[in-house]
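All remarks here apply to the structure that follows.
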Amino acid sequence: MIMPNVQLTEAMQDYAEGQVRSGAYANVSEVVRAGMRKLMQEDGAAEFFRLKRDLEAAMAEPDVEVDLDELFGLTT
């Protein structure tokens, strides 16, 4: 897979290289991929919390009684 050219700030580059020097990662590409995985996880968590909020709001709405037979046209 071809890695796109990514421009890092000097501080980001220093941090990534420090992670490689520490042995935590084999190269800067691994550091960048780890950062991307973290962002993807956070985006998933954000979506979960949006759905949870929407569900809680829906559950807080007043109940409405619905005649399912009438709804589905099953009345005789």
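Please treat every number below as a calculation from the coordinates, not as lab data. In this text the structure is predicted, and so the values were computed from the model without any measurement.
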Output the residues belonging to region 17-53 that are among the aromatic types (Phe, Trp, Tyr) and more than 21 Å from residue 2 (Cα to Cα). 48, 49
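So which residues in region 32-76 are within 30 Å of residue 14 (Cα to Cα) and more than 36 Å from the chain's Cα centre (by Cα), if there are any at all?
Those that are within 30 Å of residue 14 (Cα to Cα) and more than 36 Å from the chain's Cα centre (by Cα): none in region 32-76.
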